[in-house]
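In what follows, a single structure is set out as structure tokens and then discussed.
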């Protein structure tokens, strides 16, 4: 027997004991994933200590949030979250390694004894002296399931690495294998572990091997018994020099070694394949907890007196290292706790139960696989010599089945399909997970927010408006229903809760903000039918339920319509008369891509205006859905891509923002958007959601297309060019809709004019970049896109100043061709109008061609007086987006500004031409007797209107931005 060589340090004060040896407290020790920190706790100490193993003499970070001793600690697989359970009946979550307190995620009625995270960190199992094991969703704190079957306090919990099973052991020695998918107890092994009685300084524990094939359980003969994962059959035992029962065991990272501690105060290290111990140490007190260091040959230990230490070089250097050849399970990349990491794909409240198969990605077998293990035995031809070694046989069979499944060589295994990817659960836009004891958002949008906090069995709800001056004052509300979803607009708010009570009732309640009558609130009860999403609009309320019903109510509570939807709802949003709903179109693809479709209803007319597939970034899920301030349908996914629906190309979604182009350490929680800005709350990674207090600050981000890197370095200009085109199409569509409804479109004239002028300025800067980058063919293409003749002339002067005569000649050809086409169009459309019988559209067409043809000779007089004001920005104004053009335009700015002097010199000549051309325009207006000759000339002064003719009326949309500034 070796003399004890591990130096122990006191981490926690020991509880008083009667004999100095048999007393003490159960203490815990655990490493984080990278072995940067070591966490200890004691059932006699309400504090948790986080130690730096590199500086053992330095003071640890102390977490004091429990009111009584800490009986269990666990760290999420990605080491971002620490969970603790206590004699005070609570389970708490902290950020790790900072130690900031997050939440009381659940409570029991008796002390907690055991905690365990699953492989992805999305589920936490907690158990203790209470009846039942709670499976807690770490995303939103909900209790996903309670497993009942033990007759005594549960002291040990372990998820199998493949996330199909949970195993548990109680103080009486009973071990249960639970199937997570169904919550069923597959195997119950009664009395296979020691009965620890009332000794609270030790716990019955169990542990899965890293490959997930074997469960290690302390035996009744001072040994360790190994059980098969699927059949729960006894495989073999490890029996050595322990003279009292084993009280703790821990696998090495690669599963080749096992450390066991016993009531005899010994720690033995086992070579599992050889079934013999290779080293041992004896200590002054019982070692109640151990943890292998994840990245090196060391073992952390802690005794019942609260003293801990690190046993270095546990395995002799002549043997295989405990960190060599660590099993790599065929699982998707998990970043651990979903609540603290945005990379996880499943954000649903109940998603952790389908996570039950998350340890696999097409390679794992479903629970039915256990029925195939025994038949596979007779495939072991010629291996009879292994029949006396069931451990090796089991591993060989497991490895062979996995390889055959991967290579599709075994016909019996080809029929086995992997677990189906999880379909996204429903959510409410602008809501954060409801966490016990913490305030959360039920709704946050461009109007205001609705917050809730649970307190003594009921919730306190508050409604706040961003604009406190215009929004009504709404008193806070006591919520006895447990509302988990809400929607808000200027007129009222709607609330709903999931099914509750014996009758499984779901409640829907509407609360108006202003009404002439008392008791105008109303509520509806749905028995056995659960509300999944709610939305509000102008004088209507909508709820989508678990029966795939769309229920539409009036603002006063009248039930108007009940429709059936094509699939389960994901989310919904309302805007004025429109209701947009996202549903599942079908099951997820094998690549885990969600298949969603959207439908837009017009509630006032009872029609379906839009329907189609909702695009998402591959591997992402939907996180926000709604309308912009202008009514554009928009979506945002978990990969940070914002899309806006457009009527272009028969109805398409435009990617208008990508978080990957922004700061890498930030997540963006979307609130809304307008034509040019995205309104969001910035969250520092790994946080996905903002905190309610302090009140979050809205951040405005510029919308931009994910343009490719340009060979001109003018990505910003090209992005501005595409955005301007999109805005012009939107304005045109709105004008057509207003004209079709018989409404006056004058209100959109200024917006159209400003956008056209801005687009011409952007094109001219792009032409300058092309000239500097020697991309002359692209410059020709751009000049054809200029909408104003004056802009084309400005482009000609620009390239002339840059000493590009060939390009200037081609620009002149473009201008001449345009003038010629417009002149032909003028002759064809104006002559029939003299009879007064020509259709209105002919005159509208004339109005635009007149401006272009006339300006070739006449409009310069009108333009000249205003051109210094409006042409200057074309050549000198530097927009923020021009940064992408780099230094190329700086070279041309001096040459460009000289063009303004030339325009001033032409002013006097243009004034002479003005009188002659105005007379021509007056003659033309005489031909157009019934309709205005030019719908696109903005109103000029009264004297000019008289010259043009009495039939000349005010235009609706100017085609030339330089005419606008002359109007006073």
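Checked against (1) under 24 Å from residue 35 (Cα atoms); (2) part of a strand (DSSP E or B); (3) at pLDDT below 95, residue 97 meets all criteria but (2). Counting just the residues of region 212-246 that are out of contact with any strand residue (DSSP E or B) (no Cβ under 6 Å at 6 or more places or on another chain) and buried (at least 20 other Cβ atoms within 10 Å of the Cβ), which one comes out farthest from residue 292 (Cα to Cα)? This residue is 230. Do the conditions hold for residue 633, that is, is it assigned by TED's automatic domain parsing to the domain that holds residue 572, closer than 27 Å to residue 449 by Cβ and crowded, with 21+ Cβ neighbours inside 10 Å? In short, yes. Yes or no: residue 593 more than 25 Å from residue 668 (Cβ to Cβ) and assigned by TED's automatic domain parsing to the domain that holds residue 533? No. Please go through region 776-813 and pick out each residue that is assigned to a loop (DSSP other than H, G, I, E, B), crowded, with 19+ Cβ neighbours inside 10 Å and in contact (Cβ under 8 Å) with a residue 60 or more places away in the chain. Of everything in region 776-813, just one residue is assigned to a loop (DSSP other than H, G, I, E, B), crowded, with 19+ Cβ neighbours inside 10 Å and in contact (Cβ under 8 Å) with a residue 60 or more places away in the chain, namely 788. Within region 532-558, which residues are surrounded by fewer than 17 Cβ atoms within 10 Å (Cβ to Cβ) and under 18 Å from residue 576 (Cα atoms)? Scanning region 532-558 gives 538, 539, 554, 556, 557. Among what's in region 257-293 and is in contact with a strand residue (DSSP E or B) (Cβ under 7 Å, 6 or more places away or on another chain) and in a loop (DSSP other than H, G, I, E, B), pick the residue that is surrounded by the fewest Cβ atoms within 10 Å (Cβ to Cβ). Only one residue fits best here, namely 275. Within region 692-722, restricting attention to residues that are more than 22 Å from residue 656 (Cβ to Cβ) and without any contact (Cβ under 8 Å) to a residue 12 or more places away in the chain, the residue that is surrounded by the most Cβ atoms within 10 Å (Cβ to Cβ) is 695.
Taking (1) in a strand (DSSP E or B); (2) over 30 Å from the mean Cα position of the chain (by Cα); (3) within 30 Å of residue 454 (Cβ to Cβ) in turn, residue 103 satisfies each apart from (2). Taking the criterion of being in a strand (DSSP E or B) and either within 16 Å of the chain's Cα centre (by Cα) or under 17 Å from residue 720 (Cβ atoms) (or both), the residues of region 647-660 that qualify are 654, 655, 656, 657, 658.
In region 108-197, counting only strands (runs of 3 or more DSSP E) that sit wholly within it, the ones holding 3 or more residues that are assigned by TED's automatic domain parsing to the domain that holds residue 227 and closer than 30 Å to residue 689 by Cβ span 112-117, 123-128, 133-137, 143-147.
Would you say residue 316 is farther than 24 Å from residue 125 by Cβ, part of a loop (DSSP other than H, G, I, E, B) and at pLDDT 50 or above? Judged against the criteria, residue 316 is a match.
For region 740-754, the count of residues that are under 25 Å from residue 730 (Cα atoms) and surrounded by 22 or more Cβ atoms within 10 Å (Cβ to Cβ) is zero. Taken over region 579-597, the criterion of being under 20 Å from residue 619 (Cβ atoms) and either within 17 Å of the chain's Cα centre (by Cα) or in a strand (DSSP E or B) (or both) is satisfied by 582, 584, 592, 593, 594, 595, 596, 597.
Contact map, region 516-531: residues that are surrounded by fewer than 17 Cβ atoms within 10 Å (Cβ to Cβ) paired with residues that are part of a strand (DSSP E or B) and modelled with pLDDT under 90, Cβ distance under 9 Å, separation 6+ or inter-chain. Pairs shown: 525/505; 527/505; 528/505.
Restricting attention to region 40-61, the residues that are loosely packed, with under 14 Cβ neighbours inside 10 Å and modelled with pLDDT of 95 or more add up to 0.
The values are calculated or read from the model by the stated rules, or taken from the named source; none is laboratory data. As the structure is a prediction and not an experimental result, all values here were calculated from the model. Positions of Cβ are backbone-derived with ideal geometry, glycine not excepted, and every protein chain shown enters the neighbour counts.
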